[in-house]
Each structure stands twice: as C-alpha cells, then as structure tokens.
Amino acid sequence: MVHAFRMSTLLVPLDTSDISGKVLAQAEKLGRQLGAGIALFHVVEPIATYVPVGTSMDAISTSPPLIDIEEQTGLAKSRLEKLAEPLRASGLEVTCEAVLGIAVEEIVEQAGLLAADYIVVGSHGHGALYHMFSGSVVTGVLKHSPCPVVVVPVRS
C-alpha cells in the first residue's frame with residue numbers, strides 16, 4: 001500500500017517586533033529541512049482603555065472602533081506579506097493571516113485549523129517577575145498547543 005505524504009505546515013506567529021527576523025530565519029531553516037509550508041500569523045490584541053465617566057460609573061472600553069480593527073489587521077497582514085516575499089521568491093510556500101483576538105487562544109486555534117505540524121515562536125527572554133505579572137504568550141502556547149512548539153530564544 002502506498003501512502004500519500006502531505007506537506008508539513010509550520011505556524012509562525014510573529015509580533016512584528018525586532019525579534020521577528022530571527023524567528024523567521026529559524027522557521028525558514030526548519031521549513032527547508034522538512035519541506036514544509038510556512039503560515040505567518042499575527043494577532044492584533046484588543047487594548048482595554050479606561051474611560052472615566054463619573055465617580056461610580058467608570059467604564060472600560062475593550063476594543064477600538066471597527067474601522068481601527070480592520071485597519072490594524074490589514075496593516076499587520078501587509079507587514080507579514082513583505083516578510084513572506086523573499087521566502088516565496090526562494091521557493092517556499094508561504095501564507096499570511098492577521099486576526100483580532102487574544103494571542104494564545106488565536107495561535108492555538110489557528111494551529112488546529114491548519115493541522116500544523118509545529119508552531120515556531122520567539123521568546124523575548126523577559127525575566128520571571130515580568131511573566132508573573134503579564135504572563136507569557138509562549139508559556140500559554142506551550143500549555144495548550146495541539147502540536148510540538150519550537151521556541152527560538154532571542155534577545156531584543
């Protein structure tokens with residue numbers, strides 16, 4: 001019996017910070033070794049803003065207006081497309097997607113939707129105190145991922 005092989009998929013969530021290039025370089029190397037397609041992914045997280053409206057009626061606004069969300073995800077996808085150009089030119093299959101949501105949840109969901117073989121993420125290398133107060137996307141992805149996670153240690 002002959003088995004058909006499908007191309008492997010690497011999900012590469014990028015925050016488009018200075019470390020993105022290092023993460024992308026490692027994903028490209030792994031993608032070439034595995035003959036894998038690369039799915040670049042960015043999550044635009046809603047920012048809660050405090051809106052004082054009175055002493056007992058303060059409000060928290062959890063998302064920007066819809067036009068801002070569409071603009072932010074569009075800009076993020078454009079940045080991913082620019083990062084994808086040299087990879088595509090060198091023969092790799094690359095897709096790009098940007099969504100609004102909570103990073104860990106969206107990354108894990110996208111990994112499932114793509115049936116990703118690996119998630120390749122970068123670690124900013126913040127200390128324990130930072131993670132105690134802010135949490136870590138990498139830690140959340142490691143806890144909930146449906147596939148192996150490759151963590152690229154980078155210092156900004």
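For the range 85-117, a tally of residues being more than 16 Å from V43 (Cα to Cα) and of a type outside the set (V, I, T) returns 12. Of the residues making up the range 88-108, those that are part of a helix (DSSP H, G or I) and loosely packed, with under 15 Cβ neighbours inside 10 Å are R88, A89, E105.
Let's see how each residue does on (1) at pLDDT 95 or above; (2) more than 19 Å from C147 (Cα to Cα); (3) under 14 Å from the mean Cα position of the chain (by Cα); (4) of a type in the set (F, W, Y):
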position: D15; (1), (2), (3), (4): no, yes, yes, no
position: S20; (1), (2), (3), (4): no, yes, yes, no
position: I38; (1), (2), (3), (4): yes, no, yes, no
position: V44; (1), (2), (3), (4): no, yes, yes, no
position: T49; (1), (2), (3), (4): no, yes, no, no
position: V53; (1), (2), (3), (4): no, yes, no, no
position: L100; (1), (2), (3), (4): no, yes, yes, no
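The values are calculated or read from the model by the stated rules, or taken from the named source; none is laboratory data. Bear in mind the structure is a predicted one, so any value in this text is a computation, not a measurement. Glycine gets a Cβ as well: all are built from the backbone with ideal geometry, and neighbour counts include every protein chain shown.
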